[in-house]
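Colleague: Handing you this structure, nothing more for now.
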Amino acid sequence: MNRWYPEALKEFKIVTVFDLLLEYIQEGKIQLDKSVHSMAVAYHDPCNYGRKSLKAFGQAYFEEGRAVTRACCDDVRELNPNRNSAYCCGAGGGAWAMPFSEERVFYGRIKARQISESGAHLVVAPCHNCRDQIMKSLNKEYDLNIEVKYIWELVADSLIMPNKQ
Amino acid sequence: MMYEFKVSELAEEFGVHRNTIRNWINAGTLSAKEGPGRKYLMKFHDYQKLCEKFGREPHVTPSNNVSSKALGALEKTDIEPLLVNGVKSQIALDPSWADACLTCGTCASACPISGVDGLDPRKIVRMAVLGMDEELVKSNWPWKCTMCAKCEEACPANISITALMRKIRGTRKRSEVPGPIHKGVVMCLERGNNLGIPKDDFVFLCEDLGEELAADSCPGFKTPIDVHGARVLVTVNSKEPFGEPDDMKWWWKIFYAAGESWTLSSEYWEGVNWGLFSGDDESMKTVVGRIVDNMRRLNCKVLLLPE
């Protein structure tokens, strides 16, 4: 949109899932219950929100996802190397939809090892591709025995619902 | 390795006169240079060649010497040199995509699928430098690559490897794009979303899910569709209404709890742009343009992307 519709950027704001979730949390619009997710939680950096966003837009979402995750859970762990040096889940760039599934699983071996070394029981993925790869593929292929949630799923499951009449 | 000799010794060895050896040296037939103590130095390999030429066994064979027979066999197994012939890649358009590469291979060690199909980012970049466009476009490797940019982050020369990869993808004939990616792009252009979900089905599904959510945890919830003036326009990943519709409720529940003013659009609600993956800028632009139109039509202030 930057490239093709620069004038549209002046008319409205484009937000990512992080911007909106953080806005709700920081402005106190939603209340969260940390006791729902008391297990060890690992945060996965999606390439497109981190490294690639930094290069394409000059801004990376590294800390925002962690802030949201920490607002929902106490025991948040890192998958090192992380942030700008994070390893891809293996399903990016459309690979989740492509026919090269053996290569995709092979690709994910590093992410799988990181997850198992972190000792996390829940992995938070802010991206559709990453979540599908980690939950539906790596979890089975590498016997990780973990739960995987979208970051907004984590928030939705932690919500303390307001009393509305 | 250098071979040190006296003119007189070499003359004796080959049964020629000392002057003959001097003449050979002066004429360049024998590439030797003067060394210390009236001795000369020549490359051992040149000495070997000289022996071969006159059918003699070298009278010294250093321990690290490769016998000329073995060397000959090795030379035969060498691949034919590739002639570049000034072929210029039509893919690597920008010098920063390939030409500025230092061939250090740091990218290859960063890449999780280096070695798959015998390729890695360094080789892809090299192929582009050599103008091997046909091989690049034919290879499936750029499609197994997830364009995660780990290679690019590691690269000391700041080569735009993912831009090159996307260009390679974009250069392939559209009918040969692997998997459903291009079909999704075509579907999206024709029917508004990657999976071809009709408008009525989408609206019905969303209303139905809204009723479930209201009964379940959000009393009074009603799915907002085409609400003019809503603050946030929410785009959707079509796999959710297609295969995992309940997953949409997480966001809806958050909106409900936060008291957000938001809406879906009944048309062109797709938030996933597969043109990004297939390297198809034209289609990508069309799909982005539709979202811009939606924002204007519904007069929303904030656009939420699905991931």
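The values are calculated or read from the model by the stated rules, or taken from the named source; none is laboratory data. Source: prediction; values computed, not measured. As a convention, Cβ positions derive from the backbone with ideal geometry for all residues, glycine included, and neighbour counts pool all protein chains shown. Ligands, DNA and RNA are stripped out before the accessible areas are found, and what is left, the full protein with its side chains, is counted by its heavy atoms. Shrake-Rupley method; radii C 1.70, N 1.55, O 1.52, S 1.80 Å.
The rows are residues; the columns are (1) of a type outside the set (Gly, Ala, Ser); (2) within 19 Å of A:Asn129 (Cβ to Cβ); (3) within 14 Å of chain A (Cβ to nearest Cβ); (4) open to solvent by 20 Å² or more (accessible area, probe 1.4 Å).
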| site | (1), (2), (3), (4) |
| --- | --- |
| B:Thr146 | yes, yes, yes, no |
| B:Leu164 | yes, no, yes, no |
| B:Gly170 | no, no, yes, yes |
| B:Ile197 | yes, no, no, yes |
| B:Phe204 | yes, no, no, yes |
| B:Glu207 | yes, no, no, yes |
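Colleague: Considering only residues of the range A:102-116 that are facing chain B (nearest Cβ under 10 Å) and in a helix (DSSP H, G or I), which is surrounded by the fewest Cβ atoms within 10 Å (Cβ to Cβ)?
Modeller: A:Glu102
Listed here are the residues, each with its yes/no results for (1) closer than 27 Å to A:Leu32 by Cα; (2) at the interface with chain B (Cβ under 9 Å from one of its Cβ atoms).
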position: A:Pro99; (1), (2): no, yes
position: A:Ser118; (1), (2): yes, no
position: A:His121; (1), (2): yes, no
position: A:Met135; (1), (2): yes, no
position: A:Glu141; (1), (2): no, no
position: A:Tyr150; (1), (2): yes, yes
position: A:Val155; (1), (2): yes, yes
position: A:Pro162; (1), (2): yes, yes
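Colleague: Here is a further query. Considering only the range B:276-291, how many residues are surrounded by fewer than 20 Cβ atoms within 10 Å (Cβ to Cβ) and over 21 Å from B:Lys173 (Cβ atoms)?
Modeller: 3
Colleague: Sort out which residues of the range A:55-95 are more than 15 Å from the chain's Cα centre (by Cα) and facing chain B (nearest Cβ under 9 Å), and write them in order of number.
Modeller: Correct list: A:Lys55, A:Ser85, A:Gly93, A:Gly94, A:Ala95.
Colleague: If you go through the range A:20-48, how many residues are in contact with a helix residue (DSSP H, G or I) (Cβ under 7 Å, 6 or more places away or on another chain) and closer than 30 Å to A:Ser85 by Cα?
Modeller: Going through the range A:20-48 one residue at a time, the tally reaches 12.
Colleague: Look through B:Cys107, B:Cys111, B:Cys101, B:Cys145 and report the one residue that is touching a Gly at 6+ places or on another chain (Cβ under 8 Å), of a type in the set (A, V, I, L, M, F, W, C) and more than 24 Å from B:Val288 (Cα to Cα).
Modeller: Of the residues listed, the single one that is touching a Gly at 6+ places or on another chain (Cβ under 8 Å), of a type in the set (A, V, I, L, M, F, W, C) and more than 24 Å from B:Val288 (Cα to Cα) is B:Cys145.
Colleague: Report, ordered by the first and then the second residue, all pairs with beta carbons closer than 7 Å, sequence separation of six or more or different chains, a first member in the range A:59-80 that is among the aromatic types (Phe, Trp, Tyr), and a second member that is open to solvent by 40 Å² or more (accessible area, probe 1.4 Å).
Modeller: A:Phe62/A:Arg83
Colleague: Restricting attention to the range B:221-233, does a residue exist that is within 40 Å of the chain's Cα centre (by Cα), buried (at least 22 other Cβ atoms within 10 Å of the Cβ) and in contact (Cβ under 8 Å) with a residue 60 or more places away in the chain?
Modeller: Checked against the condition, which is being within 40 Å of the chain's Cα centre (by Cα), buried (at least 22 other Cβ atoms within 10 Å of the Cβ) and in contact (Cβ under 8 Å) with a residue 60 or more places away in the chain, the range B:221-233 yields at least one hit.
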